[in-house]
Amino acid sequence: MSFETLRYDRAPDGIVTVTFDDPDRSANTMRAAFLADYIALARRLRDERDQVTGVIFTSGKPTFFAGGDMRDMIRTTPHDAAAVTERLRAFKLAMRTVETLGVPVVAAINGSALGGGCELALVSHHRIALDEPRLRIGQPEVTFGLLPGAGGCTRIPRLLGIVDALTHVLLRGQQHDPARALELGLIDALATDTDGLLDQARAWIHANPDAAQPWDRPGYRIPGGGPAQRSFATDAPAIPATLRAELSGAHYDAPHHILAAVVEGAQVPVDRAFDIETRYLVDLLCHSAQARNMMQAFFFDLQAVNRGRSRPEGHDRWYASKVAVLGAGMMGSAIAYQCAKVGIEVVLTDVDAEAAEAGKGHSSRLVARDVERGRIDQDRAAALLAHITPTTDAADLAGCDLVIEAVFESTELKHRVFGEVEPCVADDALLCSNTSTIPITTLAEGVTRPDDFVGLHFFSPVDRMPLVEIIRGAATSDAALARAFDVVLQLRKTPIVVNDSRGFFTSRVIGTFLNEAVAALGEGVHPVMIERAGLAAGYPAPPLQLMDELTLTLPRRIRRETQAAAAATGEPVPTHPADAIVDRIIDEFGREGRAAGAGFYDYGADGARIGLWHGLVDHFTDDAATHIHPGDDDLLVDLQERMLFAEAIETVRCLDEGVITSFPDANIGSLFGIGFPRWTGGVAQYIDQYPGGTTGFVARCKVLAERYGDRFRPPASLAARAQAGEPLRPEDTRLPAASA
């Protein structure tokens, strides 16, 4: 019997080594050919049972197994429910055949085992992983809007207990390194090298001829108790409550289905639990728009972005070796840390030595935190800090092939700083400005090589935010853009590419979200309801709280600069109902945001948020709005959609203007940079996934425009697509050309 995606080797001692090695894919996936091979493998093992003394599963790829085939899953429709159910049933029956074969089964995990890969390993009675820090084990399905449907929701609770399975593996989609996976019990042992891995597997088989799964032994009970046991009753109510709190009231299909599959499955025999798990997965695959949105964004769109969808072709991969970070304030010091973390030599400059040293101190604190948490050891910590040289001496900039400026948002200041350092760095150094709003074309006027000048917009906190927005100015060359793209990847960040515009893409779009929240306050909407609407829509932070974090003075300054630029060119001066509210909060009440100690919220002496400022109700909720209260569900829906629609409409305008040219960049930029709700699949995807597609979206735009203003009128391009029944994003751009 031959196999297409795996190899079958039986040694003289009867131990069979099964090597997953799909010749047509860079990683093993559960595509149709593999499913057929695995079912045939189970049949062969059963038929040759008398000649088999044990089974070892390992991989011929750098990863153990990558999981399900997203290309197949995203194409699933409601009409496929019966076929998908039968396919899963047959596959899980084969997995069950392997684990009940009557011989010891070991997983020799030589690379990351995520999703279906983790589930394949869980079929084994003993799991040994290579002790490689980059190796990851876990069930990230929830991050794609799915659930572990190849046994994960059944086996993991029976292995770890329901509470630990849900909180540490299933509901958050954590990816654990080998040490943590061992601590949790997902694996049983570690090996230092590949040969040792296989040797340990063989030794365990010889030492445990009667191996079986815990749940197949007489008297087995779920660790910590099952739903029907009193010992579980103490923990059970906290699980859905904690989940709801973490989701801030937003509804996500996948966590709900995972919770239901685990709790229901824990009350029945294991084979019946597999059927329950299948039913919930099929519902997500065939009926959940959220699952399709999240698969599109977090797999296909993210893959397209990271593979260079927006990188100019024809340029070799480039790596920076020495960077000059100009400005040791909050952003500059954070950028310096990120550069040093990946091994780039950093020269951190500021106006005086004390400020430069303080900037390096930021890295020292982050490194100390990681040492305390066991993420790195003292030697690596010292090596990282040794990469950062704080200085005020321009001579230290010699040899820098990369410059990242991170001084105050002032065109004049940025021009002056670049004028001072450009003669000191390498003649072909890439020149970058970390700015969130000032046009790159304008900033490039301050350098002698505008073709090597590009914008790099980092997001705060830099060490945690995954996105960098690359801004191409009018003179930026393809070569410089390609180098900037490579730098972002070198920094282990996700790059999106946009064209020059005041506010670029992310700042323009997020500003509309914040403006709708402030405008609603001016309409007399209770501030609690505004915050509740933002969270219920799926935003990671409520809008008034977020605006406090950004400071109220920043959007006002951006607004005034934008209005001045429009007036100077004779264009219509943009205004928004939120403008007057922000001005009043700042000028009349002296509240400028969290950094100033007072904004929409009150803050304690230590800067901790206390609660919404009571003056918001006193000064902005008038008698005409007394009917508005936090329980008004119709208004809540309007508030949510005002925030979502404002960002989506502005995205269409950015597409029309050529500010952003890639749908993956738009979606990933909105998800990773400005917190657009994950369930939507991104700000552009939100339009196409809206009930009725573009037609339904445009119809709702018109309703919102009648109620709240012409800013909700759909752009002409979108109205035309709706009229023709076309999606915003053409179908042929949804899946990347490369194999998944």
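The values are calculated or read from the model by the stated rules, or taken from the named source; none is laboratory data. Keep in mind that this is a model prediction, so the values were computed, not measured. Using ideal geometry, Cβ is built from the backbone for each residue, glycine included, and neighbour counts are taken over all protein chains shown. Note: areas computed on protein heavy atoms with side chains; ligands, DNA, RNA excluded. Shrake-Rupley method; radii C 1.70, N 1.55, O 1.52, S 1.80 Å.
For segment 492-513, the count of residues that are at pLDDT below 95, open to solvent by 10 Å² or more (accessible area, probe 1.4 Å) and touching a Cys at 6+ places or on another chain (Cβ under 7 Å) is at least one. With respect to ASN515, determine if the residue is closer than 28 Å to THR680 by Cα and in contact with a His (Cβ under 6 Å, 6 or more places away or on another chain). Yes: the conditions hold for ASN515.
In segment 583-602, the residue that is most open to solvent (accessible area, probe 1.4 Å) out of those that are touching an Asp or Glu at 6+ places or on another chain (Cβ under 6 Å) and at pLDDT below 95 is ARG594. Of all the listed residues (LEU402, LEU348, LEU413), the sole one being open to solvent by less than 10 Å² (accessible area, probe 1.4 Å), more than 29 Å from the chain's Cα centre (by Cα) and of a type outside the set (Val, Ile, Thr) is LEU348. Looking at this structure, is ASP732 closer than 24 Å to ALA520 by Cβ and open to solvent by 60 Å² or more (accessible area, probe 1.4 Å)? The answer is no for ASP732. In the set LEU535, LEU521, only one residue is under 26 Å from the mean Cα position of the chain (by Cα) and either at pLDDT below 95 or part of a helix (DSSP H, G or I) (or both); that residue is LEU535.
Looking across ARG560, ARG584, one residue alone is among the basic types (Lys, Arg), touching a Phe, Trp or Tyr at 6+ places or on another chain (Cβ under 9 Å) and closer than 22 Å to ALA646 by Cβ. It is ARG584. Per the conditions (1) closer than 26 Å to ASP210 by Cβ; (2) part of a helix (DSSP H, G or I); (3) open to solvent by 20 Å² or more (accessible area, probe 1.4 Å), the sole criterion not satisfied by TYR38 is (3). Just one of (1) surrounded by fewer than 19 Cβ atoms within 10 Å (Cβ to Cβ); (2) over 30 Å from ASN293 (Cβ atoms) fails for ASP634. It is (2).
Taken over segment 539-550, the residue count meeting the criterion of being open to solvent by 30 Å² or more (accessible area, probe 1.4 Å) and either within 17 Å of ARG642 (Cα to Cα) or of a type in the set (Val, Ile, Thr) (or both) is 2. Evaluate the following for ASP283: is it touching a Lys or Arg at 6+ places or on another chain (Cβ under 8 Å) and either of a type in the set (Ser, Thr, Tyr) or in a helix (DSSP H, G or I) (or both)? No. Checking the conditions here, which among PRO240, PRO312 is more than 18 Å from GLY115 (Cα to Cα) and either touching a Lys or Arg at 6+ places or on another chain (Cβ under 7 Å) or modelled with pLDDT under 95 (or both)? Going through PRO240, PRO312 in turn, just one is more than 18 Å from GLY115 (Cα to Cα) and either touching a Lys or Arg at 6+ places or on another chain (Cβ under 7 Å) or modelled with pLDDT under 95 (or both): PRO240. Among the residues of segment 603-616 satisfying the criterion of being under 24 Å from ALA519 (Cβ atoms) and among the small types (Gly, Ala, Ser), which is most open to solvent (accessible area, probe 1.4 Å)? So the residue we want is GLY611. So which residues in segment 180-197 are open to solvent by less than 60 Å² (accessible area, probe 1.4 Å) and either assigned to a loop (DSSP other than H, G, I, E, B) or modelled with pLDDT of 95 or more (or both), if there are any at all? If the condition is that a residue be open to solvent by less than 60 Å² (accessible area, probe 1.4 Å) and either assigned to a loop (DSSP other than H, G, I, E, B) or modelled with pLDDT of 95 or more (or both), then ALA181, LEU184, GLY185, LEU186, ILE187, ALA189, LEU190, ALA191, LEU197 are the ones that fit. Residues being in contact with a Gly (Cβ under 9 Å, 6 or more places away or on another chain), open to solvent by less than 50 Å² (accessible area, probe 1.4 Å) and under 17 Å from VAL346 (Cα atoms) are entirely absent from segment 439-448. Looking across segment 64-75, the residues that are in a loop (DSSP other than H, G, I, E, B) and modelled with pLDDT under 95 come down to ALA66, ASP69, ARG75.
Residues are listed down the side, and each one gets a yes or a no for (1) surrounded by 17 or more Cβ atoms within 10 Å (Cβ to Cβ); (2) in contact with a helix residue (DSSP H, G or I) (Cβ under 9 Å, 6 or more places away or on another chain); (3) in contact (Cβ under 8 Å) with a residue 24 or more places away in the chain:
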{"site": "THR19", "(1), (2), (3)": "yes, no, yes"}
{"site": "MET30", "(1), (2), (3)": "yes, yes, yes"}
{"site": "GLY54", "(1), (2), (3)": "yes, yes, yes"}
{"site": "ILE74", "(1), (2), (3)": "yes, yes, yes"}
{"site": "ASP80", "(1), (2), (3)": "no, yes, yes"}
{"site": "ARG89", "(1), (2), (3)": "no, yes, yes"}
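Filtered by the rule that a residue be outside any loop (DSSP other than H, G, I, E, B), crowded, with 24+ Cβ neighbours inside 10 Å and either of a type in the set (A, V, I, L, M) or in contact with an Asp or Glu (Cβ under 7 Å, 6 or more places away or on another chain) (or both), segment 147-177 gives GLY152, CYS153, THR154, ILE156, ILE162, ALA165, LEU166, VAL169, LEU170. Restricting attention to segment 314-345, the residues that are without any contact (Cβ under 8 Å) to a residue 12 or more places away in the chain and either within 24 Å of the chain's Cα centre (by Cα) or buried (at least 16 other Cβ atoms within 10 Å of the Cβ) (or both) total 0.
Sub-6 Å Cβ pairs linking a first residue in segment 655-680 that is under 20 Å from PRO255 (Cα atoms) and open to solvent by 40 Å² or more (accessible area, probe 1.4 Å) to a second residue that is in a loop (DSSP other than H, G, I, E, B) and not polar (S, T, N, Q), at least 6 apart or interchain, are TRP679/TYR252; TRP679/GLY538, ordered by first then second residue. For segment 460-491, filtering for residues that are of a type in the set (D, E, K, R), touching a Phe, Trp or Tyr at 6+ places or on another chain (Cβ under 7 Å) and crowded, with 18+ Cβ neighbours inside 10 Å leaves 3. Would segment 690-709 turn up any residue that is open to solvent by 10 Å² or more (accessible area, probe 1.4 Å), under 29 Å from ALA254 (Cα atoms), under 23 Å from the mean Cα position of the chain (by Cα) and at pLDDT 95 or above? Taking every residue of segment 690-709 in turn, at least one turns out to be open to solvent by 10 Å² or more (accessible area, probe 1.4 Å), under 29 Å from ALA254 (Cα atoms), under 23 Å from the mean Cα position of the chain (by Cα) and at pLDDT 95 or above. Here segment 426-437 is the region considered, the condition is being open to solvent by less than 10 Å² (accessible area, probe 1.4 Å) and not hydroxyl-bearing (Ser, Thr, Tyr), and the residue that is nearest to ASP486 (Cα to Cα) is LEU430. When the residues of segment 97-128 are filtered to those that are over 14 Å from VAL55 (Cα atoms) and either aliphatic (A, V, I, L, M) or assigned to a helix (DSSP H, G or I) (or both), the one that is most open to solvent (accessible area, probe 1.4 Å) is LEU114.
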